[in-house]
Each structure stands twice: as C-alpha cells, then as structure tokens.
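Nothing in this text is a laboratory measurement; each read-out follows from the coordinates by a stated rule. Source: prediction; values computed, not measured. Cβ sites come from the backbone with ideal geometry, for glycine too, and all protein chains shown count toward neighbours.
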Amino acid sequence: MIAENDKILVAVSGGKDSLSLLDILSERRKFLPISYELHAVHIITKDVPYEIDQEFLTKFCEQLDVHLHIIRTYAGIEEKPNKKPCFTCSWNRRKELFDFAQKNQFKKVAFGHHLDDAIETLLMNMVMHANISSIPPTLSMFDGNINVIRPLIYNTNAEMIEYARIKQFVSLKKECPYEDHTYRNKARQWINQFEKLNVQARINLFKSMSHIDSDYLPS
C-alpha cells in the first residue's frame, strides 16, 4: 500500500478518522524501514455552510511535521438544482482533490475509510443499486497515475473511536445542512441487528467480499 519514496496526499475532513489516519501515517515514518513524503489537504467549499476549525487543523499538522494544503472551491449546488446537494458537493470536492493531486505529482491519495464504512457501503449498494461492490483498500485511477489507498480499511469504527479517545482527538467536523445519512444510518442499524445474531457479523460481512462462490449464485 505504501512504498519507498511515495508522495502521499491525505484527505483531511476534520473528523476523527482522517485525523487519526494522518497521525498514524506520520508516526509510522519514525519506525518503518522506508521513507515517504506526507502531505495533508482540506477542501473548503465556499457556497456550503460547513466549516471546521482551520486554525486547529493547521497547528495539528504543524505538530506532525506535515504540510497542510487548503483548497477553496465552490460546490456548484445552485447550478444543478435537479441533483442532490450532497452528491454535487461530494463530486466537486473529489474532482478538486484529484486535480490537485495530479498537478502536484502525488501518486497516492489516502482516505480515512474504515471497515464499517466498507460494509455499510456494501449493504447500501446491494439494497439500493442491486450491485455487490464497496470501497477497496487500494484503487488505481487515471490510467494508473494515482492510486487511492485506505490504510484503515481493516480497522473497525470502534477501534478508531478508541484510538481517537486515547489520543484525545476532538472531531472538527460540523454537520453540513445538506448531508443526508438516511441510507447509511439504516445500514448501520442492520449491522447492529446482525451482530445480535452473531458477534462476528461485522467481520464476516467484510470477509464475505473476498469469499464469493460464484458457482452458487445466479448467473
């Protein structure tokens, strides 16, 4: 996932997961037998009433000896009234992120998604889109010019909460008025119900994506 002389851009939203990811990757530079360059990026959308404590984030990155890039852009929500605001904003933020990565020769972009994010996405895609897919640990994009990596993908949300507690991280994220968690919250409720049937349900759902027996599935 990370190799010698990699130039890695960490997408930082200000939530516990992205702060933890940045902290972990920064700390591991001291112990791993490889060296890599680490940068953080935070995207501010001017036309969305959502912001974080930028001063805190700047100091946080300085303490980790990580250069922070701030990108200011527009979500363009009013230009696409027929699209859901959350979709439009997310799409534009990702576009800005990957454009910045390519222009500045970042070969790897790191996201703070964890195991719970992956299985929630799996269930949502199955139920809402009749599709078995999720968020992979690594993903090659733009003809191999950028690789998305998710170093926390094998960690549960509970583990990340505990890490943030030990480190005394305070989430900088504030709820966006456009954000819609309806489907994802439902997926979380399903997973919690599954765990009442089997305490390993969360882990088993994740492992199932690597154990697909196509002989016993409809063609």
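Values for this structure:
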{"item": "Computed lengthening from I70 to I203, 0.36 nm per intervening residue step minus Cα-Cα distance", "result": "44.3 nm"}
{"item": "Under 17 Å from the Cα of K7 - aspartates and glutamates, other chains or at least 8 residues apart", "result": "D23, E27, E37, D65, D99"}
{"item": "Theoretical gain in end-to-end length, N145 to K95 [0.36 nm per residue, Cα-Cα removed]", "result": "16.5 nm"}
{"item": "Within the range 117-161, backbone nitrogen closer than 18 Å to the virtual label 7 Å beyond the Cα of C86 toward Cβ", "result": "117-130, 134-135"}
{"item": "Formal net charge of residues neighbouring Q63 (Cβ-Cβ distance under 12 Å; K, R +1; D, E -1)", "result": "-2"}
{"item": "Neighbour cut-off at most 11 other Cβ (10 Å), DSSP loop, GluC sites (Glu not before Pro), the range 1-109", "result": "E4, E78, E79"}
{"item": "Length-normalised contact order of the chain in % [C-alpha pairs under 8 Å, at least 6 apart]", "result": "24"}
{"item": "Qualifying chymotrypsin sites (Phe, Trp or Tyr not before Pro) for the range 1-85 [loop in DSSP, other Cβ within 10 Å: at most 15]", "result": "F31, Y74"}
{"item": "Candidates per chymotrypsin sites (Phe, Trp or Tyr not before Pro) in the range 93-191, loop by DSSP, up to 16 other Cβ within 10 Å", "result": "F142, Y154"}
{"item": "Distance between modelled label sites at K196 and I34, nm, 7 Å Cα→Cβ extension", "result": "4.4"}
{"item": "Under 28 Å from K80, Cα to Cα: lysines that are on another chain or at least 8 residues apart", "result": "K46, K95, K103, K173, K174, K186"}
{"item": "S26, S20, S214 arranged by Cβ crowding within 10 Å, fewest neighbours leading", "result": "S214, S26, S20"}
{"item": "Sites S214 and M126, calculated FRET efficiency, Cβ-Cβ separation with R0 25 Å, nearest 0.05", "result": "0.95"}
{"item": "Mean residue ellipticity (222 nm) of the chain, computed from DSSP H runs ≥ 4 via -39,500 (n - 2.57), nearest 500", "result": "-13500 deg cm²/dmol"}
{"item": "Candidate lysines for bridging to K167, where Cα separation is under 18 Å - those fewer than 8 sequence places away on the same chain excluded", "result": "K16, K30, K59"}
{"item": "Residue order, fewest to most surrounding Cβ atoms within 10 angstrom, among L19, L68, L32, L205", "result": "L32, L68, L205, L19"}
